[in-house]
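Visitor: Could you have a look at this structure, given as structure tokens, before my questions?
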Amino acid sequence: MLRRPSLPAIILLPLCGGAPPAVSPEIRPGVWAARAPQTLPLPTRGYQVYMVGELHGLEENADFELRYLALLRRKSGLRDVALEEKAVYEEDAKAFVDGASDTLPEALCLRAGILEGIRRLNAGPRNARIRVHLTDIDSPAGAIRRHLGAIRKRIAGSAGVSIPDATGIKEHGLETVGKLKQFRMDSRTQSELRTVEHSIRAYQEGLEVDTGIAKGSPYLEDREQAVASNIEDLIRVGKIRSLLVLYGSDHVSRTMRGDGGPNRDQPFSPVALRLERSGIKIFSVITFPLTGRSFWRGRVSDLPWTASDGRLESGETLDKVLAAAPETNFLYIDTKRQRALLPSEDISHYAVDAFLLFRSGTPMTNHCTTR
């Protein structure tokens, strides 16, 4: 178990309170520069889902996400956050951010910083507390087995249903799911059992994810549909008016991809596209560093680009845009008004509403003690 992590210095508290600052001026058509994200023209009303797609492994991500969350709560009353983490650990995460527990499972070490930040936001009145939801599939096999056990405990009369050990989940896990489906259960339990079923199918296709480097393709139909279904349930069944969703950048584009399936050679619909097709109104922004380093799943990496590798539609390179606003840390680009080419050509072509560019990226703090 992990004890409470400390927030890195880059995440400057307090995250809320005081009068909201004025919006920074537009420095180019559809481009804003700012020292703090709260002064950017980020929407706070009019959407059911606000999706932040991050390039994983940066301290700046948590800082922005917590500040956007505080802004959404203050401006629109948003109180729910969905994280890219295994659904089986949701109760552990909830107990932590509510202050009922001072520890987190090791499996949540990659989200320790954001969860600690939410806990600090929750230091105020109970009726304003942020609720966390873990909407991803369970992995590896031990996590799937744990979730099956938790579900069985909640289903009356199902104690006789056997659950295979971790080594038998791939071959026999779906048999257990089929047997549990025969019992009456509430909508929450049905949703969790559906997630476990998707988890087992993704495992059968080779995906195994713990806190280290993942095995297999992350772009599987079962995984993406599980996430989309869980988010849709929060909106439609849970009656949540608005939701902040924090996921990897690959999942927030509203365009088809061609790298899905176990061999990454099949058409693939990201979560955002699936939600849009279901009729949910979405705002999506991708965070992206223009230089620096990252740390993710045990690896420190130097980013293979600089601001000079990106440019605005006019041809002006991003390093020159930054030079014109030397005191700022962020560039915000409205993609409806400015067709920018980022240093990553793939991300440049993602269908999102905005890009939030960090002047430089800092490796996130490693809270993980095992691989």
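Visitor: Which of the residues spanning region 143-161 are outside any loop (DSSP other than H, G, I, E, B), surrounded by 18 or more Cβ atoms within 10 Å (Cβ to Cβ) and among the hydrophobic types (A, V, I, L, M, F, W, C)?
Guide: Once the filter is applied, which keeps residues that are outside any loop (DSSP other than H, G, I, E, B), surrounded by 18 or more Cβ atoms within 10 Å (Cβ to Cβ) and among the hydrophobic types (A, V, I, L, M, F, W, C), region 143-161 yields 143, 144, 148, 151.
Visitor: Tally time: how many residues in region 94-105 are buried (at least 24 other Cβ atoms within 10 Å of the Cβ) and either on the phi > 0 side of the Ramachandran plot or small (Gly, Ala, Ser) (or both)?
Guide: 0
Visitor: In addition: Answer yes if at least one residue in region 256-278 is in contact with a Cys (Cβ under 9 Å, 6 or more places away or on another chain) and either at pLDDT 95 or above or not aromatic (Phe, Trp, Tyr) (or both), and no otherwise. Give the derivation first.
Guide: Within region 256-278, the first condition is being in contact with a Cys (Cβ under 9 Å, 6 or more places away or on another chain), and the residues that meet it are none.
No; the residues of region 256-278 include none that is in contact with a Cys (Cβ under 9 Å, 6 or more places away or on another chain) and either at pLDDT 95 or above or not aromatic (Phe, Trp, Tyr) (or both).
Visitor: For region 265-295, give me each residue that is touching a helix residue (DSSP H, G or I) at 6+ places or on another chain (Cβ under 8 Å) and either part of a helix (DSSP H, G or I) or aromatic (Phe, Trp, Tyr) (or both).
Guide: Result: 268, 271, 272, 274, 275, 288.
Visitor: Also: What residue, among those in region 38-55 that are in contact (Cβ under 8 Å) with a residue 60 or more places away in the chain and surrounded by fewer than 21 Cβ atoms within 10 Å (Cβ to Cβ), is farthest from residue 278 (Cα to Cα)?
Guide: 41
Visitor: Sticking with this one: Filter region 106-133 down to the residues that are outside any helix (DSSP H, G or I), open to solvent by 10 Å² or more (accessible area, probe 1.4 Å) and within 21 Å of residue 227 (Cβ to Cβ) and list them by number.
Guide: Here is the first cut: in region 106-133, the residues outside any helix (DSSP H, G or I) are 122-125, 129-133.
Add one more test, that the residue is open to solvent by 10 Å² or more (accessible area, probe 1.4 Å), and what stays is 123-125, 129, 131, 133.
Scanning region 106-133 gives 131, 133.
Visitor: Further, regarding this structure: Would you check which residues across region 80-133 are charged (D, E, K, R), under 21 Å from residue 49 (Cα atoms) and in contact with a Lys or Arg (Cβ under 9 Å, 6 or more places away or on another chain) and list them?
Guide: The answer is 80, 84, 85, 94, 129, 131.
Visitor: Further question on the same structure: Could you go through region 161-173 and let me know if any residue there is under 27 Å from the mean Cα position of the chain (by Cα) and touching a residue at least 60 places away in the same chain (Cβ under 8 Å).
Guide: Within region 161-173, none of the residues are under 27 Å from the mean Cα position of the chain (by Cα) and touching a residue at least 60 places away in the same chain (Cβ under 8 Å).
Visitor: Could you check region 76-119 and list, in sequence order, the residues that are out of contact with any Phe, Trp or Tyr (no Cβ under 6 Å at 6 or more places or on another chain) and acidic (Asp, Glu)?
Guide: 80, 85, 90, 91, 92, 98, 102, 106, 116
Visitor: A further question on this structure: Quick check, is residue 240 open to solvent by 10 Å² or more (accessible area, probe 1.4 Å), touching a helix residue (DSSP H, G or I) at 6+ places or on another chain (Cβ under 8 Å) and among the β-branched types (Val, Ile, Thr)?
Guide: Values: open to solvent by 10 Å² or more (accessible area, probe 1.4 Å): yes; touching a helix residue (DSSP H, G or I) at 6+ places or on another chain (Cβ under 8 Å): yes; among the β-branched types (Val, Ile, Thr): yes.
Spelling it out, residue 240 is indeed open to solvent by 10 Å² or more (accessible area, probe 1.4 Å), touching a helix residue (DSSP H, G or I) at 6+ places or on another chain (Cβ under 8 Å) and among the β-branched types (Val, Ile, Thr).
Visitor: Let me ask another. If the requirement is being in a helix (DSSP H, G or I), within 21 Å of residue 262 (Cα to Cα) and among the aromatic types (Phe, Trp, Tyr), which of these qualifies: 203, 219?
Guide: 203
Visitor: Still on this model: Name the residue that is nearest to residue 200 (Cα to Cα), counting only residues in region 72-98 that are assigned to a helix (DSSP H, G or I) and in contact with a Ser or Thr (Cβ under 6 Å, 6 or more places away or on another chain). Steps first, answer last, please.
Guide: First pass over region 72-98, keeping only residues assigned to a helix (DSSP H, G or I): 72-76, 87-97.
Add one more test, that the residue is in contact with a Ser or Thr (Cβ under 6 Å, 6 or more places away or on another chain), and what stays is 72, 75-76, 87, 95.
Values: 72: 35, 75: 40, 76: 38, 87: 13, 95: 26 Å.
Within region 72-98, the match that is nearest to residue 200 (Cα to Cα) is 87.
Visitor: Additional query: Within region 187-239, can you find the residues that are closer than 25 Å to residue 79 by Cβ, over 21 Å from the mean Cα position of the chain (by Cα) and touching a residue at least 12 places away in the same chain (Cβ under 8 Å)?
Guide: Across region 187-239, the qualifying residues are 187, 189.
Visitor: Which of the residues belonging to region 315-344 are closer than 19 Å to residue 39 by Cβ and among the aliphatic types (A, V, I, L, M)? Write out each step before concluding.
Guide: Restricting attention to region 315-344, the residues satisfying the condition of being closer than 19 Å to residue 39 by Cβ are 321-322, 324-334, 337-338.
321, 322, 324, 325, 331, 333, listed by residue number.
Visitor: Picking from 253, 229, which residue would you name as being of a type in the set (Gly, Ala, Ser), assigned to a loop (DSSP other than H, G, I, E, B) and out of contact with any Gly (no Cβ under 7 Å at 6 or more places or on another chain)?
Guide: 253
Visitor: Follow-up question, since we're still on this one. So which residues in region 306-360 are assigned to a strand (DSSP E or B), of a type in the set (Gly, Ala, Ser) and open to solvent by 10 Å² or more (accessible area, probe 1.4 Å), if there are any at all?
Guide: Residues of region 306-360 assigned to a strand (DSSP E or B): 311, 317, 330-334, 341, 354-358.
Narrowing the set further to residues that are of a type in the set (Gly, Ala, Ser) leaves 354.
None - no residue of region 306-360 is assigned to a strand (DSSP E or B), of a type in the set (Gly, Ala, Ser) and open to solvent by 10 Å² or more (accessible area, probe 1.4 Å), so the list stays empty.
Visitor: Taking residue 140, is it touching a strand residue (DSSP E or B) at 6+ places or on another chain (Cβ under 7 Å) and open to solvent by 10 Å² or more (accessible area, probe 1.4 Å)?
Guide: Criteria met by residue 140.
Visitor: While we're looking at this one, here's another question. Could you please let me know if residue 155 is β-branched (Val, Ile, Thr) and more than 22 Å from residue 51 (Cβ to Cβ)?
Guide: yes
Visitor: When residue 87 is evaluated against the numbered criteria (1) more than 14 Å from residue 234 (Cβ to Cβ); (2) open to solvent by 10 Å² or more (accessible area, probe 1.4 Å), which criterion, by number, is the only one it fails?
Guide: (1)
Visitor: In region 169-200, what residues are open to solvent by 10 Å² or more (accessible area, probe 1.4 Å) and either among the aliphatic types (A, V, I, L, M) or part of a loop (DSSP other than H, G, I, E, B) (or both)?
Guide: Hits for region 169-200 are 174, 181, 182, 183, 184, 185, 186.
The values are calculated or read from the model by the stated rules, or taken from the named source; none is laboratory data. These numbers come from a predicted model, not from an experiment. Note that each Cβ is placed from the backbone with ideal geometry, even for glycine, and that neighbours are counted across all protein chains shown. These accessible areas exclude ligands, DNA and RNA; they are computed on the full protein's heavy atoms, side chains included. Shrake-Rupley method; radii C 1.70, N 1.55, O 1.52, S 1.80 Å.
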